[in-house]
Amino acid sequence: MLNEVKIMNERKKMILFSIINSYVNLGEPIGSKSLLNEYSLDISSATIRNEMSTLEKMGLLEKAHTSGGRYPSDKGYRLYVNNLLENSLNIREDEDLERILDKRYGNVSKIVETATLLLAKMTNLTAVSYTIRNNITKVINLEILKIDPNVLLFIVVYDNASIISDRIYMVDEINDDELANISTTLKESIEGESLKDISKIFDRLKKNGFKKYENLLDILEKKINNDSLSDLTKEVIIKGLGNIFNFKEFEDPIKAKEFIKIFDSKERIWELIENSDSDLKITIGDENEINELKDNTIITSHFNYDKDIVGQIGIIGLTRIDYKEVISDIKLISDLLSK
């Protein structure tokens with residue numbers, strides 16, 4: 001595709017890129033006279049029409065059914081984006097955002113959530129992110145606290161910084177001395193031990209002095225070593241879904257509903273954006289594998305939060321977005337998350 005840009009003469013590129021800029025801003029196909037007036041091009045309307053016709057034959061423009069205007073095809077956007085990446089993309093810095101996303105003042109979940117929200121506000125698009133942490137292998141901290149006579153608060157911290165905090169409702173009240181004894185024994189027995197040994201440890205405790213509290217130990221074991229632990233290694237965040245209504249295309253409630261439905265499943269979003277560790281990934285229109293996204297662009301950038309935590313952050317929106325600004329915003333945010 002880059003070769004195709006190089007063999008196009010400057011006039012064709014100027015007309016194509018002008019049509020893309022106009023369509024991104026207005027969402028309306030543009031004709032030769034409107035293009036001439038809007039951009040004060042130093043060529044005749046007839047010449048523009050001929051060049052537009054040639055660009056259409058090259059598959060870079062499409063003709064509107066309701067008028068003689070043209071609008072960019074997915075192939076046209078791709079050529080434009082590749083040219084943008086090769087020639088004129090500047091990654092800026094922002095000290096205010098750097099302060100907001102300073103990793104010293106928040107945990108990874110909060111920082112990435114804030115970054116995703118900021119990206120949605122900056123781009124006026126739907127922003128998405130996923131974070132993946134190293135696999136959980138052991139418990140590094142465990143606490144049992146009484147918050148009511150029959151209610152305990154159970155807190156577990158794993159070695160990938162994930163936390164489970166849950167209430168346990170007791171049928172019979174447990175006195176403070178007994179609870180302190182159980183808590184101390186569990187901390188000494190479990191903290192720092194491999195998760196694969198947890199069941200054996202609990203079995204041993206039940207046989208050695210804690211038979212009376214077998215039901216409580218069963219509950220604690222399930223909470224420490226349950227099937228949902230794998231969910232703690234990854235997190236998907238979606239912000240700015242309502243931004244779709246900034247585009248007149250979504251005045252059609254059916255189209256809006258179809259787009260929103262994509263975000264019903266975080267697993268689906270995970271699948272859409274996870275398969276890349278590249279610095280920047282851009283898929284446009286028909287390049288997307290699922291039918292519901294054939295009118296949309298997905299742009300994501302990889303980040304390395306620290307040695308154990310990596311992820312992707314970006315946007316999902318219509319193909320007619322301001323690619324230069326959006327890519328710059330995404331790279332700014334991902335670079336700050338990697339800093």
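The values are calculated or read from the model by the stated rules, or taken from the named source; none is laboratory data. If you're wondering where the values come from, they're calculated on a predicted model, not measured in any experiment. For neighbour counting, all protein chains shown are included, and Cβ atoms are generated from backbone atoms with ideal geometry for every residue, glycine included. Just the protein is used for accessible areas: all its heavy atoms, side chains included, with ligands, DNA and RNA removed. Shrake-Rupley method; radii C 1.70, N 1.55, O 1.52, S 1.80 Å.
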Quick check on my filter: what residues within the stretch 23-58 are among the aromatic types (Phe, Trp, Tyr), at pLDDT below 90 and open to solvent by less than 50 Å² (accessible area, probe 1.4 Å)?
none
Does Leu232 satisfy being aliphatic (A, V, I, L, M) and modelled with pLDDT of 90 or more?
no
Which of the residues that make up the stretch 271-289 are more than 14 Å from the chain's Cα centre (by Cα) and either touching a residue at least 24 places away in the same chain (Cβ under 8 Å) or crowded, with 21+ Cβ neighbours inside 10 Å (or both)?
Ser278, Ile284, Gly285, Asp286, Glu287
Reported set for the stretch 114-124 where residues are surrounded by 15 or more Cβ atoms within 10 Å (Cβ to Cβ), out of contact with any Lys or Arg (no Cβ under 8 Å at 6 or more places or on another chain) and on the phi < 0 side of the Ramachandran plot is Thr114, Ala115, Leu118, Met122, Thr123
Ile174 vs. criteria within 21 Å of Leu145 (Cα to Cα), touching a helix residue (DSSP H, G or I) at 6+ places or on another chain (Cβ under 7 Å) and in contact (Cβ under 8 Å) with a residue 40 or more places away in the chain:
no
Can you tell me which residue among Ile198, Ile219 is part of a helix (DSSP H, G or I), open to solvent by 50 Å² or more (accessible area, probe 1.4 Å) and under 30 Å from Thr131 (Cα atoms)?
Ile219
When residues of the stretch 290-323 are filtered for being part of a helix (DSSP H, G or I), open to solvent by 10 Å² or more (accessible area, probe 1.4 Å) and either on the phi > 0 side of the Ramachandran plot or in contact with a helix residue (DSSP H, G or I) (Cβ under 6 Å, 6 or more places away or on another chain) (or both), how many remain?
1
Complete set of residues in the stretch 78-101 that are modelled with pLDDT under 85 and not charged (D, E, K, R)
Asn87, Ser88, Leu89, Asn90, Ile91
Here are some residues: Ile254, Ile330, Ile269. Which one is among the hydrophobic types (A, V, I, L, M, F, W, C), in contact with a Gly (Cβ under 7 Å, 6 or more places away or on another chain) and in a helix (DSSP H, G or I)?
Ile330
